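Here's the structure, in C-alpha cells; my notes come after.
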Amino acid sequence: MSSPEEVWMNLIKRDGLTPHETAASSFSALKPVTADFLTRGKGEWQGGEINTGHPARHLLTEMNWAGKVFRSAEDVDPVIVYDEAGKRKWNPDWGRARLREIKFQDRNTVAMVYDDFPIIDFFKYVSEDVVAGAMDSKTHNSDGIFYFYLKRL
C-alpha cells in the first residue's frame, strides 16, 4: 500500500487528467506543514499543477507561472513568473501575501493568504523538498479547489 506522500508524487508525474476527487482525497491524507518549513533556505519554490481540469491552470500557463517565494511569514511573493529571458520575477499584479495557520479539511496547516485577492493557498507536506497545494478562491468558487505542488529550489 502506498503512503499518502507516494500517492501525491504519482499525481505529480501523471500525464492527463486527474479526477478532482482523487486530488482532494490525496491532499487530505497528507501531513500539515509550518511557515518555518516553507521559509527554510531561500524560501524559493518552483510550481506545477495537478491537472484536474480546473480553469486556473490556463491562467497560470498564460502568465508563465514559475512558483512562489516565502521570505518570512509576513513577506511572501505569491506569484513568481518567468520573464522573456526565462528568469524568475515577482508579478506585482498579484500583490503580496502572508502565511497563517488555518483549518482546512478538518486539520490545521499553514496557508498563504493573498493581501489583495480573495484567495487562500493551503500547503501539506510531501517531502523535504516538495509540498502539495490547494488553492481556495472566491473567484473560482464554483470550480472547486485548484491543486498544485511546489518544489524547493
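Grab the strands (runs of 3 or more DSSP E) fully contained in segment 68-138, keeping just those with 1 or more residues being over 27 Å from N10 (Cα atoms). Outline the logic, then answer.
Values: elements: 75-82, 88-90, 97-104, 107-114, 119-127, 130-137.
The qualifying strands (runs of 3 or more DSSP E) are 75-82, 88-90, 97-104, 107-114.
Would you mind finding the one in A134, A97, A111, A85 that is touching a Leu at 6+ places or on another chain (Cβ under 9 Å), within 21 Å of Q46 (Cβ to Cβ) and of a type outside the set (D, E, K, R)? Show your work before the answer.
Values: A134 fails: touching a Leu at 6+ places or on another chain (Cβ under 9 Å); A97 fails: touching a Leu at 6+ places or on another chain (Cβ under 9 Å); A85 fails: touching a Leu at 6+ places or on another chain (Cβ under 9 Å).
From the options A134, A97, A111, A85, the qualifying one is A111.
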Among residues of segment 105-118 being out of contact with any helix residue (DSSP H, G or I) (no Cβ under 9 Å at 6 or more places or on another chain) and buried (at least 16 other Cβ atoms within 10 Å of the Cβ), the residue farthest from S142 (Cα to Cα) is T109
The residue from R96, R88 that alone is farther than 15 Å from N64 by Cβ and either surrounded by fewer than 20 Cβ atoms within 10 Å (Cβ to Cβ) or among the β-branched types (V, I, T) (or both) is R96
Going through segment 8-51 in order, the residues found to be within 23 Å of R107 (Cα to Cα), in contact with a Ser or Thr (Cβ under 6 Å, 6 or more places away or on another chain), not in a helix (DSSP H, G or I) and not aliphatic (A, V, I, L, M) are P32
Result of the Cβ filter at 8 Å on segment 55-69, keeping first residues that are under 16 Å from A97 (Cα atoms) and partners that are in a loop (DSSP other than H, G, I, E, B), at least 6 apart or interchain, is G67/L153; V69/K42; V69/G43
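Read-outs: derived from the displayed coordinates by stated rules, not from any lab. Note that the structure is predicted; figures quoted are calculated from it, not measured. As a convention, Cβ positions derive from the backbone with ideal geometry for all residues, glycine included, and neighbour counts pool all protein chains shown.
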